[in-house]
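Taking it in order: structure first as structure tokens, then the write-up.
Each reported figure results from applying straightforward, stated rules to the coordinates on display, with no laboratory input. Worth saying up front: this structure is predicted, and the values here are computed from it rather than measured. Heads up, the Cβs are rebuilt from the backbone with ideal geometry, glycines too, and the neighbour counts pull from every protein chain shown.
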Amino acid sequence: MLLPKHLVGLKDLNRQQIEFVLDVAQGMEPIAQGWQRSDLLKGTILATLFFEPSTRTRLSFETAMLRLGGGVISVADALRTSSAWKGESLADTIRTVDSYADIIAIRHATSGAAGEAASHSRVPVLNAGDGTNEHPTQGLLDLLTIRRALGRLDGLSVVMVGDLKHTRSINSLAYGLSNFDVRVTFVSPKGFEPAQPILDRMAERERSCRVTTDLREAVRDAEVIYVCRIQKERLEHAEDAERLKGSYLVDMALLRDARREPIVMHHLPRVGELAEDVDTYPGACYFKQPWNGVLTRMALLAILLGRVLR
Amino acid sequence: MLLPKHLVGLKDLNRQQIEFVLDVAQGMEPIAQGWQRSDLLKGTILATLFFEPSTRTRLSFETAMLRLGGGVISVADALRTSSAWKGESLADTIRTVDSYADIIAIRHATSGAAGEAASHSRVPVLNAGDGTNEHPTQGLLDLLTIRRALGRLDGLSVVMVGDLKHTRSINSLAYGLSNFDVRVTFVSPKGFEPAQPILDRMAERERSCRVTTDLREAVRDAEVIYVCRIQKERLEHAEDAERLKGSYLVDMALLRDARREPIVMHHLPRVGELAEDVDTYPGACYFKQPWNGVLTRMALLAILLGRVLR
Amino acid sequence: MLLPKHLVGLKDLNRQQIEFVLDVAQGMEPIAQGWQRSDLLKGTILATLFFEPSTRTRLSFETAMLRLGGGVISVADALRTSSAWKGESLADTIRTVDSYADIIAIRHATSGAAGEAASHSRVPVLNAGDGTNEHPTQGLLDLLTIRRALGRLDGLSVVMVGDLKHTRSINSLAYGLSNFDVRVTFVSPKGFEPAQPILDRMAERERSCRVTTDLREAVRDAEVIYVCRIQKERLEHAEDAERLKGSYLVDMALLRDARREPIVMHHLPRVGELAEDVDTYPGACYFKQPWNGVLTRMALLAILLGRVLR
């Protein structure tokens with residue numbers, strides 16, 4: 001099989017592997033739309049193990065499994081509803097759940113937890129977000145969204161703005177994009193720059209990469225603008241919040257300065273950093289991302305369960 | 001299609017539409033009983049979004065979907081298990097979930113939330129209870145229960161007793177009944193009378209309608225007695241609770257004064273206002289309501305998903 | 001049918017009934033492995049009602065149902081997510097849920113709750129653990145694990161160690177084993193001995209049965225070692241914890257004194273009483289128990305739903 005057994009991160013996927021996933025995902029469209037029925041994964045079971053609650057991602061995985069005819073067992077809030085698991089090692093939990101499910105999607109507050117789970121699991125493990133490390137299915141759906149909107153991943157100018165230090169989706173997207181011929185501009189307040197390994201990767205792959213605090217200037221040449229939240233509780237001085245709010249707000253006033261009709265993306269939920277007046281902007285893609293998320297997860301489930309040949 | 005795209009309330013359904021739903025519901029009996037298998041909704045997905053927990057209603061919707069071969073994604077307690085959603089607008093949540101599900105059942109603590117959800121959703125929205133506004137699927141299952149028990153909805157004398165002001169099921173049932181030739185007696189302590197729009201509707205439709213505090217007298221001619229809770233925390237004076245307890249208790253002693261063998265209904269759970277000695281009374285219908293609830297929701301899912309023609 | 005309608009405990013199952021369940025369970029292997037597809041329970045619904053959270057057991061039941069093509073409705077944390085149910089009698093809850101599901105698996109903090117649920121239910125009830133009473137599906141899966149590992153249940157020397165007083169799985173396993181020709185040694189700190197009815201049963205059936213505090217000696221002749229937790233909060237003196245930790249730890253050092261290559265079992269999760277160095281010991285069976293749990297619950301669902309003839 002082209003992909004590794006588990007999907008722990010995009011750090012180690014190459015261009016060919018990514019394009020394969022996106023191709024399979026795009027082929028899932030008729031099934032997701034309901035134009036075509038599928039029992040491709042009938043008889044298989046997905047376990048969603050969420051040690052950190054995230055309704056959005058959990059529902060997306062479960063939808064993907066159901067669309068392909070599979071079944072789902074679910075722990076929506078492992079730490080709260082499972083007192084027993086509090087004292088259990090992750091290894092023991094996984095060695096139990098892999099007796100139930102054919103594939104496991106795990107979310108965990110600890111960076112590296114997905115990799116650890118994978119190392120103990122007899123069945124494929126999908127990382128649904130681990131600490132500030134990676135969120136690879138989000139990264140792949142973001143790549144799919146860009147490719148569907150703009151027709152390609154090469155030759156693009158991508159701006160990412162917000163808290164780039166603590167947003168695991170950004171890590172996965174950046175690792176994914178590093179396989180393509182892109183120019184990336186990271187826009188964030190001081191102290192919220194991307195982690196060094198991300199910048200190192202861009203350098204290694206010789207991608208054009210800039211870090212700046214000036215959103216307005218960065219947007220001017222952007223073809224893709226990816227907006228993230230800045231979490232107030234992470235700012236040192238409370239008064240910074242108000243000041244930043246204005247500087248890092250993506251709204252139509254800002255977009256009118258953009259010269260290349262950029263698409264606008266957001267991993268959602270948004271809480272103020274992306275104005276509602278953008279919702280009717282033709283390039284607004286953030287409500288297409290959830291749809292592409294289902295396609296991407298359908299593809300990953302089918303591939304890792306060995307039901308897509310290549 | 002005969003019904004609107006969404007089911008937000010019974011306020012705007014007419015007699016023909018209600019009878020259509022009840023007819024389809026009754027036709028679901030063999031499937032619900034397991035005498036007949038159905039894959040009518042195979043390949044479709046229901047999302048149950050409960051911002052206010054209610055296991056009873058949620059399980060009923062999910063059962064209905066599974067009985068027809070469909071799949072379910074579920075948020076049992078949206079506010080507690082979904083920290084992310086706390087700050088997100090309902091509009092954004094719906095615009096995400098409508099990428100996952102083909103139909104959404106939503107419960108929310110805010111009156112009007114179901115209507116707002118519907119206005120943002122590409123897929124049909126079913127109101128599973130919004131604040132003190134409506135609970136239309138409960139209203140329809142109540143109508144089905146009456147029609148199955150008594151053979152008709154016209155010409156009946158209906159007593160509703162308890163906290164009629166804060167019980168959304170009562171609103172939906174009253175709006176539904178206003179389409180039929182009924183005589184309604186509302187029995188409640190002072191301050192717990194039905195909301196004015198309910199009384200106005202009865203007047204508009206020229207239905208016989210009385211508001212009283214005297215349960216004993218009202219029961220005498222009743223053919224249907226619908227019991228609701230009176231929540232103690234809503235009483236101004238704690239000592240009222242004890243006094244009311246006796247005055248608004250439905251038990252066999254009370255029913256012996258009834259001259260027309262009324263059926264007895266309750267939306268459940270009961271917590272003291274309906275005595276257990278009524279459980280073996282032949283007219284006790286409150287454990288038939290959950291069954292009829294499944295039939296009703298099967299009908300609504302099938303109709304709103306366009307799988308029942310008319 | 002050979003089995004009673006409900007499975008409330010192993011106390012009242014005889015040898016023939018137990019062997020029947022284990023035989024059916026073993027026959028489920030090809031379906032659980034995915035070598036063979038089954039729609040044996042298609043169109044039926046299992047309700048998992050967990051008034052006490054237990055992700056492990058809940059997921060096992062749900063997996064079993066899905067593997068046989070059935071559907072699941074689930075309450076993962078009935079007391080927390082269902083405010084309404086707090087005030088409702090268990091009888092009323094069951095009389096509602098039996099309108100939704102074809103079979104109910106219930107877990108409850110109160111001993112006897114499963115029996116009470118069964119007495120009010122139109123559909124079969126499976127006890128998934130009630131207070132300190134019984135956990136019969138665990139008992140059966142434990143018996144299956146022993147039988148698969150050692151080829152028989154008769155003639156075995158079984159050691160159970162830990163808090164034998166408060167562990168309901170031990171009660172069920174002991175009742176089950178009492179039907180076979182076994183020698184049982186109960187090893188526990190003072191005050192944590194098995195409940196008297198368990199010892200009485202062993203005497204009644206004339207099984208060799210010993211209660212001791214000396215683990216090392218007991219292990220010497222064991223063929224099965226079943227390890228349970230000792231919960232610190234149940235100890236009278238905090239300092240006991242440390243002392244006991246050493247005396248009741250099962251590790252390779254202890255196992256090296258055993259003369260008959262005993263298998264080692266644990267109901268999981270473990271929190272210190274079973275060392276990780278045992279994980280690679282050939283007789284370690286505790287990660288096979290979850291797998292056998294799925295088989296056992298598949299068998300029970302199929303039998304109680306009347307889909308297995310005999």
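Quick look at the numbers
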{"quantity": "Spin-label pair C:A109/C:D181, simplified geometry with 7 Å Cα→Cβ offset, distance in nm", "calculated": "4.5"}
{"quantity": "Highest-MSF residue in chain B out of B:D181, B:D200, B:D23 [GNM, Cα springs under 10 Å]", "calculated": "B:D200"}
{"quantity": "Long pairs among B:K11/B:K165; C:K5/C:K288; A:K42/B:K5; C:K5/C:K42; A:K190/A:K232, criterion Cα-Cα beyond 23 Å", "calculated": "C:K5/C:K288; A:K42/B:K5"}
{"quantity": "Cβ-placed point charges (K, R +1; D, E -1), dipole of the protein assembly as shown about Cα centre in debye, nearest 20", "calculated": "1740"}
{"quantity": "Among C:K165, C:K11, C:K190: highest mean-square fluctuation, GNM of chain C, C-alpha pairs under 10 Å", "calculated": "C:K190"}
{"quantity": "Shortest-first distances to equivalent copies, position C:G191, nm, label 7 Å out along Cβ", "calculated": "5.2, 5.2"}
{"quantity": "Relative frequency of Cα-Cα separations exceeding 19 Å in segment C:184-310, percent", "calculated": "59"}
{"quantity": "Shortest-first nm distances, C:L249 label point to equivalent points in other copies (7 Å, Cα→Cβ)", "calculated": "6.1, 6.1"}
{"quantity": "Peptide C:43-50, shielding by other chains (average Cβ, 10 Å cutoff)", "calculated": "3"}
{"quantity": "Anisotropy class of the protein assembly as shown from Cα gyration tensor, a/c 1.5 cut", "calculated": "oblate"}
{"quantity": "Over chain A: helical MRE at 222 nm, DSSP H runs n ≥ 4 each giving -39500 (n - 2.57), nearest 500", "calculated": "-11000 deg cm²/dmol"}
{"quantity": "Choice from C:T63, C:T110, C:T145 with maximal GNM fluctuation in chain C (Cα, 10 Å cutoff)", "calculated": "C:T110"}
{"quantity": "log10 of Debye I(q)/I(0), alpha-carbon scatterers only, for chain B at 0.07, 0.10, 0.11, 0.13 Å⁻¹", "calculated": "-0.27, -0.55, -0.67, -0.93"}
{"quantity": "Fraction of beta bridges assigned by DSSP in chain B that are antiparallel (%, nearest 5)", "calculated": "5"}
{"quantity": "Within segment B:120-154, trypsin sites (Lys or Arg not before Pro) in DSSP loop having at most 14 other beta-carbon neighbours inside 10 Å", "calculated": "B:R122, B:R152"}
{"quantity": "Segment C:177-276: relative contact order in percent, alpha carbon pairs under 8 Å with at least 6 residues between", "calculated": "30"}
{"quantity": "Positive-end extreme of charge dipole, chain A - chosen from A:L249, A:A218, A:G27 (charges on Cβ)", "calculated": "A:G27"}
{"quantity": "Relative contact order for segment C:104-247, counting Cα pairs under 8 Å that sit 6 or more residues apart, in percent", "calculated": "21"}
{"quantity": "Taking chain A and dividing mean pair separation by its residue count, relative contact order in percent (alpha carbons under 8 Å, at least six apart)", "calculated": "21"}
{"quantity": "Pairwise label distance in nanometres, C:D12 with C:R307, each label 7 Å out on the Cα-Cβ vector", "calculated": "2.6"}
{"quantity": "DSSP bridge pairs, the protein assembly as shown: antiparallel proportion in percent, nearest 5", "calculated": "5"}
{"quantity": "Averaged over C:61-72, number of beta-carbon atoms from partner chains that fall within 10 Å", "calculated": "5"}
